[in-house]
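The values are calculated or read from the model by the stated rules, or taken from the named source; none is laboratory data. Keep in mind the model is a prediction, meaning the values are calculated, not measured. Every residue, glycine among them, receives a Cβ derived from its backbone with ideal geometry; neighbour counts consider all protein chains shown. Remember, those area values only see protein heavy atoms, side chains included, never the ligands or the DNA or RNA. Shrake-Rupley method; radii C 1.70, N 1.55, O 1.52, S 1.80 Å.
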Amino acid sequence: MDLIDALKRFNRKERFHLLHHVLGYEGWSFRLSEEFRKDLCSNIGELVPPGALVMMDYHLDWISMAVWLSGRHELPTRQTPALNEARVVGNQEDIDLLVAFRSSGTVHIVLIEAKGDTSWSNSQLESKVLRLREMFGEVIPDGAKVRPHFVLMAPKESAAINAGTWPFWMKAAVDRQMCLPWPMTMKPTLCDAEGKAKRRGRFVRIDARRGCG
């Protein structure tokens, strides 16, 4: 099975199909804006075509199975299941945005993780790092038919990410974090009578936050 076709067919995310329908898109994918496409090209060092496949909240299990199925002619079925071998974990751990395209015989899979109000959690990232290492390995060899790219996006660059144990191909994401435009917003925060944030506070304050963009 063709890898990009497999990625399309595994996409069962309700939110994607809802937005795809109500915003009037056609085909299997969202479309990248020209500005973002150029920024992404610069970030990963590859020419991302205008028609690249774009999907949101894409499960790691789906990526794992799509990569495994690529090039195979027969699919495992209820009658002829395949040995799992840890390819499918059975949870909903996902990548915020997946961009996939073919270039010179290689399928590039761009895995974008984004944060807005909250900060990066090393434990959360480490869980995804473990799965992605299992799928793609420590180093992507020259001439690989599948080449993954990892990208981090947030309103502010984070210096608290510990990438010491990450696969080599993922580590560059820490040094080339992309900005997620985040205009001035108001945030309600529970607090005490003095305005100190408190999980079960009886008072509320309004925090104003600004990011890049």
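Within the range 29-85, the set of residues being open to solvent by less than 40 Å² (accessible area, probe 1.4 Å), over 21 Å from PHE136 (Cα atoms) and among the small types (Gly, Ala, Ser) comprises SER29 only.
Quick check on my filter: what residues within the range 114-134 are open to solvent by less than 60 Å² (accessible area, probe 1.4 Å) and either under 23 Å from ALA86 (Cα atoms) or not in a strand (DSSP E or B) (or both)? If the condition is that a residue be open to solvent by less than 60 Å² (accessible area, probe 1.4 Å) and either under 23 Å from ALA86 (Cα atoms) or not in a strand (DSSP E or B) (or both), then LYS115, GLY116, TRP120, SER121, LEU125, SER127, LYS128, VAL129, ARG131, LEU132 are the ones that fit. For the range 89-107, state whether one or more residues are open to solvent by 80 Å² or more (accessible area, probe 1.4 Å) and hydroxyl-bearing (Ser, Thr, Tyr). There is at least one residue in the range 89-107 that is open to solvent by 80 Å² or more (accessible area, probe 1.4 Å) and hydroxyl-bearing (Ser, Thr, Tyr). Every condition in (1) open to solvent by less than 20 Å² (accessible area, probe 1.4 Å); (2) farther than 30 Å from MET1 by Cα; (3) more than 19 Å from the chain's Cα centre (by Cα) is met by ALA144 except one, and the failing one is (2).
Once the range 147-175 is narrowed to residues that are modelled with pLDDT of 95 or more and basic (Lys, Arg), the residue that is surrounded by the most Cβ atoms within 10 Å (Cβ to Cβ) is ARG147.
Considering only residues in the range 177-200 that are at pLDDT below 95 and not in a strand (DSSP E or B), the one that is nearest to SER127 (Cα to Cα) turns out to be LEU180. Across the range 160-213, the number of residues qualifying as polar (S, T, N, Q) and closer than 30 Å to ARG131 by Cα comes to 3. Residue count for the range 3-24 satisfying the condition of being in a loop (DSSP other than H, G, I, E, B) and surrounded by 14 or more Cβ atoms within 10 Å (Cβ to Cβ): 2. Output yes when any residue across the range 53-66 is in contact with a Ser or Thr (Cβ under 7 Å, 6 or more places away or on another chain) and either touching a residue at least 60 places away in the same chain (Cβ under 8 Å) or assigned to a helix (DSSP H, G or I) (or both), and no when none is. Within the range 53-66, none of the residues are in contact with a Ser or Thr (Cβ under 7 Å, 6 or more places away or on another chain) and either touching a residue at least 60 places away in the same chain (Cβ under 8 Å) or assigned to a helix (DSSP H, G or I) (or both).
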